[in-house]
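The structure appears right after this line, and notes come after that.
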Amino acid sequence: MFIEIPRDPVKIWFDVTGQADGEPVTTIGGDLMASRQFHFVEPYLEERFKLVSWDFRGAGQSGRPIQEYTIDTKVDDLCAVLDAAGIERTHIWATATGSYTAIRLAAKHPDRVGSVITYAQYRPEPSMWAIWNSLDTIFSQFDWHDSARFVCKLFGGPVSHEEWICDEFEKGSTAEIYRLMHPPQISADLTEELRSTVCPLLVMLGDAGRMGYGSGYAKGYEGMKALRPDLELAVIAGGTGTYSVISHPEESARAAIDFLARNPLS
């Protein structure tokens, strides 16, 4: 299904699957992977919840306008998707850079968010910019096919699914849009917005890989815990950083379902 955002205009793809009477869970994937990042956990969620999947503008099946990409735009587009799906309130499961959208949505529209599962990102970290600067150089030297594979290797995705991730990342968009989409997110500081959130919050990440627990990319957890002492942590053993939903879908889904069951919308 598509919804058109008339102010631009651009078409945003979304789908609603799972249990019609289940509590809604809306996923937010990372840049370019978008909805496909949750491909392997979807069957587990659909057994129990009403699952809302969507591709934010610039990625996947949604329109790819050449424009300024901001976190606020993604939040507004997601609200439009929820309105089109007839969903007033939902759980959010975000990973990778989808975390920025989840946190801002929970801070800006607390009435629409029941609980949030997120990765450990909410403000700039030096390691994020070090990786991005390397990628920006790669984009100027190689075509998108090769560049997409460099991106996946730098972010340390699981070897077991490397080709699948590379293919999905390449199909997900273009280098031109990625250059517009990624920097505004990793330069955002959502400290005050995270502090203002009131919904139950779970940080989920794997303990392996360059984005795993203890890595530079996952350092944000310590700051998040200081801002929200009540947040929970789920470390997926053997999971590859933010890709644990791909490398270990059953374990990731089990941790998510346990958290959501303890924090129902009602």
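None of the figures in this text is laboratory data; all of them are computed from the coordinates on show. Bear in mind that the values here come from a model prediction, so they are computed numbers and not experimental data. Neighbour counts are summed over all protein chains in view; Cβ atoms, including those assigned to glycine, are modelled from backbone coordinates with ideal geometry.
Only one entry of Ser134, Ser115 meets the criterion of being on the phi < 0 side of the Ramachandran plot and in contact with a Pro (Cβ under 8 Å, 6 or more places away or on another chain), and that entry is Ser115. Scanning region 109-132 for residues that are crowded, with 24+ Cβ neighbours inside 10 Å and more than 21 Å from Ile257 (Cβ to Cβ) turns up Gln121, Tyr122.
Residue-by-condition table, conditions (1) more than 13 Å from the chain's Cα centre (by Cα); (2) free of Cβ contacts under 8 Å to residues at least 40 places away in the same chain; (3) surrounded by fewer than 17 Cβ atoms within 10 Å (Cβ to Cβ); (4) within 22 Å of Phe155 (Cα to Cα):
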site	(1), (2), (3), (4)
Phe49	yes, no, no, no
Trp54	no, no, no, no
Ala59	no, no, no, yes
Ile66	yes, no, yes, no
Ile71	no, no, no, yes
Trp93	no, no, no, yes
Thr101	no, no, no, yes
Arg104	no, no, no, no
Ala107	yes, no, no, no
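Only one entry of Ile246, Ile236, Ile177, Ile257 meets the criterion of being of a type outside the set (S, T, N, Q) and more than 25 Å from Pro24 (Cα to Cα), and that entry is Ile177.
Scanning for something more than 21 Å from Ser127 (Cα to Cα) and surrounded by fewer than 19 Cβ atoms within 10 Å (Cβ to Cβ), does region 214-225 turn up at least one residue?
Looking through region 214-225, none of the residues is more than 21 Å from Ser127 (Cα to Cα) and surrounded by fewer than 19 Cβ atoms within 10 Å (Cβ to Cβ).
Looking across region 232-265, the residues that are closer than 20 Å to Val198 by Cβ and in contact with an Asp or Glu (Cβ under 8 Å, 6 or more places away or on another chain) come down to Phe259, Leu260, Pro264, Leu265.
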